[in-house]
Each structure stands twice: as C-alpha cells, then as structure tokens.
1. Restricting to the stretch B:141-156, name every residue that is touching a residue at least 24 places away in the same chain (Cβ under 8 Å), small (Gly, Ala, Ser) and in a helix (DSSP H, G or I).
2. Does A:MET71 satisfy the condition of being surrounded by 14 or more Cβ atoms within 10 Å (Cβ to Cβ), in contact with a helix residue (DSSP H, G or I) (Cβ under 7 Å, 6 or more places away or on another chain), modelled with pLDDT under 90 and under 16 Å from A:LEU128 (Cβ atoms)?
3. Of the numbered conditions (1) in the same structural domain as B:ALA22 (by TED's automatic domain parsing); (2) aliphatic (A, V, I, L, M); (3) farther than 25 Å from B:ARG21 by Cβ, B:ALA95 fails exactly one; give the number of that condition.
4. Within the stretch A:117-131, take every residue that is more than 13 Å from the chain's Cα centre (by Cα) and in contact (Cβ under 8 Å) with a residue 12 or more places away in the chain and give me the one that is most open to solvent (accessible area, probe 1.4 Å).
5. Can you find a residue that is out of contact with any helix residue (DSSP H, G or I) (no Cβ under 6 Å at 6 or more places or on another chain), assigned to a helix (DSSP H, G or I), facing chain B (nearest Cβ under 8 Å) and not aliphatic (A, V, I, L, M) anywhere in the stretch A:176-195?
6. From the list B:ALA75, B:ALA79, B:ALA93, B:ALA125, pick out the single residue that is under 18 Å from B:ARG163 (Cα atoms), outside any helix (DSSP H, G or I) and among the small types (Gly, Ala, Ser).
7. If I filter the stretch B:155-172 down to residues being within 9 Å of another protein chain (Cβ to nearest Cβ) and aliphatic (A, V, I, L, M), which single residue comes out as surrounded by the fewest Cβ atoms within 10 Å (Cβ to Cβ)?
8. Looking at the stretch A:143-153, is at least one residue within 10 Å of chain B (Cβ to nearest Cβ) and buried (at least 24 other Cβ atoms within 10 Å of the Cβ)?
There are 2 protein chains.
Amino acid sequence: MNQDSRSAGTVRPGGRTARVRAAVLEATQDELMEHGFHGLVMDHVASRAGVGKTTLYRRWGTTAGLVIDLMKELAEQSAPHANTGTIEGDLRAHAANVLHGITDKRLGPTLEAMITAATCDGGAADALRAFYVRRIDEWAECVDLAIARGELPPGTDGEEVIRAISAPIYYRLLVTREVIDATVAERAALRTLAAARAGAFV
Amino acid sequence: MNQDSRSAGTVRPGGRTARVRAAVLEATQDELMEHGFHGLVMDHVASRAGVGKTTLYRRWGTTAGLVIDLMKELAEQSAPHANTGTIEGDLRAHAANVLHGITDKRLGPTLEAMITAATCDGGAADALRAFYVRRIDEWAECVDLAIARGELPPGTDGEEVIRAISAPIYYRLLVTREVIDATVAERAALRTLAAARAGAFV
C-alpha cells in the first residue's frame, strides 16, 4: 500500500472529463476522512468538488460507485514491491506499507470505506478483491526472488506469504478492533518469515 | 466460534421480558440471514418477532442496538476451547470453528453483521472487541496447555497464536473476498503452529 497519501486527484491531468474525475475523487477522499463511508453523501461530494449534482449522479450513480472508482484509481497508482536484497527486509517493508496504508490519515479512511462498501455492494466487493489481488500478486515477487537467492524453500507460495503478513493487521483493524502499531506489523512479518523458512508455505 | 447455529432465542427461558428478547434476537438473526445488516429494518424485526414496535424501539433503539444485544447473547453462549491432547489438534479445532462460524448459514451472516455494524457504531465496535477478546482469551488456554506438555516453547503468546489462526480466514472474508474453505483453515492452523514451534510467538 505504498501510495502517495494524497493520491487521487493529483495525477493523470487531461481534459475536462479527467479534471472532473480528479476533483470528484479528491472530494470523495476528503469526505471519507471526515465522515466515513456511512456519512458519505452524494450532494456533499458534488459541492465539495465543484461539479454539478447531475454530472455526479450520471457518472457515479451512488456512493458505492464513487468508492469503486477511487479503488480503481488507487489500484492504478500502486507502487512496486520492495527490493531490499533480503526477504526479511522485503517482508518488513510489506508489513510497514500495510501499516502505513491503514494508519495514513487520508488513505486509511479510504481503505476502510472500500472495505465497508464491499459489505453492501457487489460491485464494490469485486473492485476490492481486484485491488488486493493485484497488490498481493505484485508483492509475491519478493518471495520468488528469495527462493532464487536460496533464502526460502523452493515452492514457497508467495501470494500466501504476502496474505499471511497483511492478515493479522487487518484482523485487528476490522474484527478485534485492537491497537495496530509498528510492533504488530513487524511481528506479522517475522512470524510469517519463520513459518516460511520452516517450509509451512510450500 | 463453536456455537449452536440456532443460538439466539433457544436458551435462558424466563419471564415475559426474556421471551421477548429471545424472540427479537431470533427474528434479528432471521432478517440478517435474508437481508444482511444494511437490509435490517426495525419494523420488520418487530413484526417477525411478534412484538410491538414501541417495545422494540424503547429497548433496542436502533438496528445497531439489536446487533449489539445479539453479540452479548452469543458471547454468553460461547463454547469452551478444544482439548484434544495435542496442540496440533487444538489449533486445527480452532481453525475449524472459525470456518464453521463464518460459513454457517445462520451464524455467518450474524458475524458479518456484527463486523459491519462496528464500522459505523462505536457501541457495536466495543461489543465486537469484547466478543472476540473473550474468544481469544478462552482459546489461548490451549497454548498454555501445550507449553506445559513441552510442545511449544515457554513464553509462547497464546493469544497471538489464536489471533494468527483466525486472521487469514477473516482477511479473505472481509478484505480480499476470496474463497474460504477447509484448506484455508487448515493451512492457517499449521502455518501458525510452524511459526510457534520455531519460537516466533515468544
């Protein structure tokens, strides 16, 4: 999740359509920061973005539609995996990125909104799955590199390693609602690495 | 999460107040099965439970209030941890219970509703945390027994072991929205066990 925290709305300049989209997605993130997904109101996004309500409804339809488009934009912008030269460094970087994404004052509420929208909207659920599957696939490459370097057993499932590091962090965020800090992230990385070295991901 | 799938509404018979509560909680679970938390409507619960709307609003207030009370009831009913005699058996049983809870046609939608309610209601978030912390605490005892038997290193953090097994299952449920089956659950148990044996939870 190593993404510019002011991600939506700063890239891909273009014609009027692109400018409207950038303004709408930025306003959506602003509103999510302040009110969360359950407090997201189409009319407030329209006025914050300075676009007409008709345009907003015609192009995005619902608040779930806004969040889906935000997910697509964030997926496009997502940064490549770390390449520190060691699997421990790369997996720590992955955990730190997940932590950063969740705790960032702008990206965090966006991710939570994406997850919440997915509980009530099939299109949002599909976009959420696509967003994370893409991130997992990108970072799994670190494991392939580690296998090639002889750091992990051949056949280690990189996607599962990456999921296993994200999972305890999101579990605390969404289920047990416990504190999430650098220690939680680091432990997730090191415990998963211990299991991977023991061959548990082959 | 080894709980009777027809949990709310079948226990603790008592006076009229208890009977009303049982009927309301059962109707709430029925409605959640059919419509999810976002489709939960107070008036529908009242008519399904055969209780007056005034009673329902006075005692539960909102749909989040209904879900909070359901969480409290489920927490009361939660079954003790497994005691199979080996840590592998106990951790597999824990993973199987989590899987059962999520996939049960009655309990699954209830758990999802609890998690969704917690995204928009502080009281629901508190109740959710309390519900899971209690389950984690209960099952952590399996790890203490394993340490006493010499199966795991002294100082292994039982609560973290239990969380680590639940986490990949809930991560797929809520975040990546990928398939959850017995293989996913078993891998969560065995990978966590491998990390625990390697001393990664000390």
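1. The one that is touching a residue at least 24 places away in the same chain (Cβ under 8 Å), small (Gly, Ala, Ser) and in a helix (DSSP H, G or I): B:ALA146.
2. Here the answer is no, as A:MET71 does not meet what is asked.
3. Failing condition for B:ALA95: (1).
4. Within the stretch A:117-131, the match that is most open to solvent (accessible area, probe 1.4 Å) is A:CYS120.
5. yes
6. On the way: B:ALA75 fails: outside any helix (DSSP H, G or I); B:ALA93 fails: outside any helix (DSSP H, G or I); B:ALA125 fails: outside any helix (DSSP H, G or I).
Answer to the selection: B:ALA79.
7. B:ILE169
8. Within the stretch A:143-153, the subset within 10 Å of chain B (Cβ to nearest Cβ) is none.
Taking every residue of the stretch A:143-153 in turn, none turns out to be within 10 Å of chain B (Cβ to nearest Cβ) and buried (at least 24 other Cβ atoms within 10 Å of the Cβ).
The values are calculated or read from the model by the stated rules, or taken from the named source; none is laboratory data. Computed from a prediction, not measured in an experiment: that's the story for all the values here. All Cβ positions, glycine included, derive from the backbone under ideal geometry; neighbour counts span all protein chains shown. These area figures cover heavy atoms from the full protein model, side chains too; ligands, DNA and RNA do not enter into them. Shrake-Rupley method; radii C 1.70, N 1.55, O 1.52, S 1.80 Å.
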